1. Are any of the residues in the stretch B:390-401 at positive phi, within 13 Å of chain A (Cβ to nearest Cβ) and in contact with a strand residue (DSSP E or B) (Cβ under 7 Å, 6 or more places away or on another chain)?
2. Quickly run through the stretch B:104-125 and pick out the residues that are assigned to a loop (DSSP other than H, G, I, E, B), at pLDDT 95 or above and in contact with a helix residue (DSSP H, G or I) (Cβ under 9 Å, 6 or more places away or on another chain).
3. Of all residues in the stretch B:215-232, which are part of a strand (DSSP E or B) and closer than 26 Å to residue B:162 by Cβ?
4. Could you check how many residues of the stretch B:283-307 are more than 19 Å from residue B:187 (Cα to Cα) and either without any contact (Cβ under 8 Å) to a residue 60 or more places away in the chain or within 14 Å of chain A (Cβ to nearest Cβ) (or both)?
5. When you scan the stretch B:362-389, how many residues do you find that are under 14 Å from residue B:401 (Cβ atoms), without any contact (Cβ under 8 Å) to a residue 40 or more places away in the chain and assigned to a loop (DSSP other than H, G, I, E, B)?
6. Touching a helix residue (DSSP H, G or I) at 6+ places or on another chain (Cβ under 7 Å), free of Cβ contacts under 8 Å to residues at least 60 places away in the same chain and surrounded by fewer than 16 Cβ atoms within 10 Å (Cβ to Cβ): which single residue out of B:171, B:204 fits that description?
7. Are there any pairs with C-beta distances below 8 angstrom linking a residue in the stretch B:60-73 that is at the interface with another protein chain (Cβ under 9 Å from one of its Cβ atoms) to a residue that is surrounded by fewer than 11 Cβ atoms within 10 Å (Cβ to Cβ), with the two at least 6 apart or on different chains, and if so which?
8. So residue B:322 fits all but one of (1) under 29 Å from residue B:166 (Cβ atoms); (2) part of a loop (DSSP other than H, G, I, E, B); (3) within 14 Å of chain A (Cβ to nearest Cβ); what number is the exception?
């Protein structure tokens, strides 16, 4: 993948081990930030970055990825399999 | 006659989210989606973005669901089918082909259409709209050849702003012709608009205000436009971004309550039994704004699809969301939260410094904020959403709200 940023997640009990933001796809619609302000923010280039990969529970994290109108957020399980988008 | 327990009209974000929600909760139910487009669910938001329209990212990134998703989830996708009549007593939906479909519960998530431009010559190739994937494909094809030199854009809002930047990026001359006195009126105040207009003008866009095009000229293709005052602008592309309409005609015989959209309560239930609505087509009772509103944005449509589906499943969930959206162009980012309409019962507070380009308008009704538009003040968008959501009494805080250094978060109830 081209311009992606990976964030490792090691939240206890979570099935999600990694959040990936595809910066080429991100259009700063900021729906993910609305779902979880504790997880994401916009950087100086108006692209989403993860500020705390462990802030949200799994359900909120999946919801934040689902809310993205360009599927710029990818989630991977602790076993490495892609959880979203499927 | 086909028969579905849950039938959805509309295959966009509202309808597809509803189908997904219904399937999760009811694994055995029959679910059908009727769409007047041939395509599986795609990202309407992406259609006006530069990387997509200029082919810098794969075309396939537009798909939000693959065709096989429907089969895997046993959701019947009835594409290229237009609904023409609804009978809520017999629970029958009629399609343009004459086919009929029966349902137990129906969701109308049919969205809005581009307003059709009804001036002479508007049917010529080279006159573009941008609402559907087919519209986007036509623009992509027209730009790909690299032969287009001059565009005229009609209308002044999000899509105009975004497409103007895209056209300038590829060296197409742009003349913006608008009825409005300032760009993005009334969505932005004149003071905010001046910031946006400066960027348009600095990037070579010519703005012609307070007028309209009366005819598209050319022999078989676009060669120019005629303005009301008789002047002619030569061009080879025209973008008719003249607004959207909810096609209500097909629903009139159903006697469903209509008011430019489909009228719904806070549960997104319409006036007809077992019929709900969601997304851009819904004029719903907004319990946070205490008003009946239509909101045309992605987040709103997604959440409404979910809430409507839950209510179709027998729950009683109110729709409560302060929706927002953003628009980008020429290095600017503009955010809209809540109800941005201008009305007699509202007053306006201004925040920030116009010269710096980070400037916004806060829309106040009585003691509370109902909406905000933020030009290059995006980090504050989330706080405005919360201030609207909680109905925070700001009647004694007007001075603070207008101080760009004042931390808005301290007004939130938890703070």
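1. no
2. Result: B:109, B:110, B:111, B:112.
3. Of everything in the stretch B:215-232, those that are part of a strand (DSSP E or B) and closer than 26 Å to residue B:162 by Cβ turn out to be B:216, B:224, B:225, B:227.
4. 12
5. Total meeting the criteria: 1.
6. Working: B:171 fails: touching a helix residue (DSSP H, G or I) at 6+ places or on another chain (Cβ under 7 Å).
Going through B:171, B:204 in turn, the sole match is B:204.
7. Taking only residues 6 or more apart or on different chains, not a single pair turns up.
8. Among (1) under 29 Å from residue B:166 (Cβ atoms); (2) part of a loop (DSSP other than H, G, I, E, B); (3) within 14 Å of chain A (Cβ to nearest Cβ), residue B:322 violates only (1).
The values are calculated or read from the model by the stated rules, or taken from the named source; none is laboratory data. Owing to the predicted nature of the structure, the values given are computational and were not obtained by experimental measurement. Cβ coordinates were reconstructed from backbone atoms using ideal geometry, including for glycine residues, and neighbour counts include every protein chain displayed.
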